[in-house]
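To start, the structure under review is shown below, and the notes come after it.
Just so it is clear, none of the values below were taken in a lab; they were calculated from the coordinates. Note that the coordinates shown come from a computational prediction; the quantities given were computed from them, not determined experimentally. Backbone-built Cβ (ideal geometry, glycine too); neighbour counts: all protein chains shown.
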Amino acid sequence: MKLEYKNIPVNEPLLDGNEKKYLNQCIDTGWISSEGPFIKEFEEKMAKQVGRKYGIAVSNGSVAIDAAILALGIGKNDEVIMPTFTIISCAAAIVRVGAKPVLVDCNADDWNMNVTQIESKISAKTKAIMVVHIYGLPVDMNAIIAVAEKHGLMIIEDAAEQHGQYYGGKPIGCFGDISTFSFYPNKHITTGEGGMIVTNDERLADKCRLLRNLCFIPEKRFLHHELGFNLRMTNLQAALGLAQLERLDEFISINRKMGKKYSSILKTVAGITLPLDRNNDAENIYWVYPIVLNDSISFDAEVAMKKLGERKIGTRPFFWPMHEQPVFHKMGLFVGEKYPVAERAARRGLYLPSGMALKTEDIDIVCDAVKEILM
Ligand SMILES: *Cc1c(COP(=O)(O)O)cnc(C)c1O
């Protein structure tokens, strides 16, 4: 029997608030570059939302991490402890400044960094811990803060996946000496492409602003003491960001509802492990809806994604661990290192359609397809 399948994308953002209105204001006033009024407003509102003094809007979440690492002064011969289970941007930022990423494995249930492995990885060269909140549940920050304080380490917090999440009553994005966000369209709020650095440290904020703008100095235009980049966000992006930020609470509740609905249907399905609805520290905000294939399933996530793709269901694989990246092996990094939990998650994990615009009836269709491919 040939079934008719409906195309369900892995992610579709919701842009039906004030986005058009604010974008039109940009066009009507001619403010489309990084010199428009929405940027400052977006920076202030994002910073306030996460309880920070300063926000520095940049062109994406990856360069936000690059700037953060540079601003902290991390460089040659320094080591930064970070999870192997994350996006390449995190390790790339460390490697690019000549420092060394030192990895820890992830947890099997929330895929966040395994905080118990950190202390054994600390050396005289360790300068910082890079925390990355994965999918929908935050890292155990109390453990991180305790180790960081004990050893005098800085904290860099990649909050790209958890706008609007809280840990111990405090917003995610308030835990690092410096913290970063992404506004890529699959994140909780989007600016198309975009990112933000937040901090309470005026010196770090100033440094990030310099790095963002080619290290121009106010005193004399076109005179440079240091090399920067053009990492500027446009007023158009900030216009989107402001409209999206107005709806953050609503977006979080949409994703929570989505996650709970997926779980309520899939919990009876044999062969898959579902995300936790909460860990010790927080309730899941389901940035995405991840599932992991159990050993009883004879195929890997790659095959499952192909089967779902044939049914027009969009999916994404889990992160591929940093210690298994050819680019780093070529640099002599992580050769022979093993992090079995991340390795298994990478091979057995995928996530299901989880965008803001996903309709609840489409969740039923996705779940039916999941059941079908596992039979
Ligand atoms: C999306 C993401 C980034 C990168 O953000 P971009 O805006 O796509 O460059 C960084 N870290 C994590 C954990 C992410 O999920």
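Annotations
- Boolean, Gly136 is within 12 Å of the ligand (Cβ to nearest atom) and under 12 Å from the mean Cα position of the chain (by Cα): yes
- Complete set of residues in the stretch 297-338 that are of a type in the set (D, E, K, R), out of contact with any helix residue (DSSP H, G or I) (no Cβ under 8 Å at 6 or more places or on another chain) and over 25 Å from Lys6 (Cβ atoms): Lys330
- Pick from the stretch 11-49, criterion surrounded by 21 or more Cβ atoms within 10 Å (Cβ to Cβ), in contact with a strand residue (DSSP E or B) (Cβ under 8 Å, 6 or more places away or on another chain) and of a type outside the set (Gly, Ala, Ser), ranking: nearest to Tyr351 (Cα to Cα): Met46
- Among the residues of the stretch 348-361, the ones that are surrounded by fewer than 17 Cβ atoms within 10 Å (Cβ to Cβ) and not small (Gly, Ala, Ser) come to 3 in all.
- Only listed residue being more than 16 Å from the ligand (Cβ to nearest atom) and either of a type in the set (Lys, Arg) or surrounded by fewer than 24 Cβ atoms within 10 Å (Cβ to Cβ) (or both), chosen from Asn107, Asn114: Asn114
- Residue match in the stretch 329-351 (condition: among the charged types (D, E, K, R) and touching a His at 6+ places or on another chain (Cβ under 6 Å)): yes
- Listing of helices (runs of 4 or more DSSP H) fully contained in the stretch 201-279 that carry 2 or more residues being among the β-branched types (Val, Ile, Thr), closer than 25 Å to Ala357 by Cα and out of contact with any Leu (no Cβ under 8 Å at 6 or more places or on another chain): 248-266
- Scanning the stretch 181-200 for residues that are away from the ligand (no atom under 16 Å from the Cβ) and assigned to a loop (DSSP other than H, G, I, E, B) returns a single hit, Asn200.
- The residue of the stretch 136-162 that is farthest from Phe318 (Cα to Cα), among those that are assigned to a loop (DSSP other than H, G, I, E, B) and either among the charged types (D, E, K, R) or touching a helix residue (DSSP H, G or I) at 6+ places or on another chain (Cβ under 6 Å) (or both), is Asp140.
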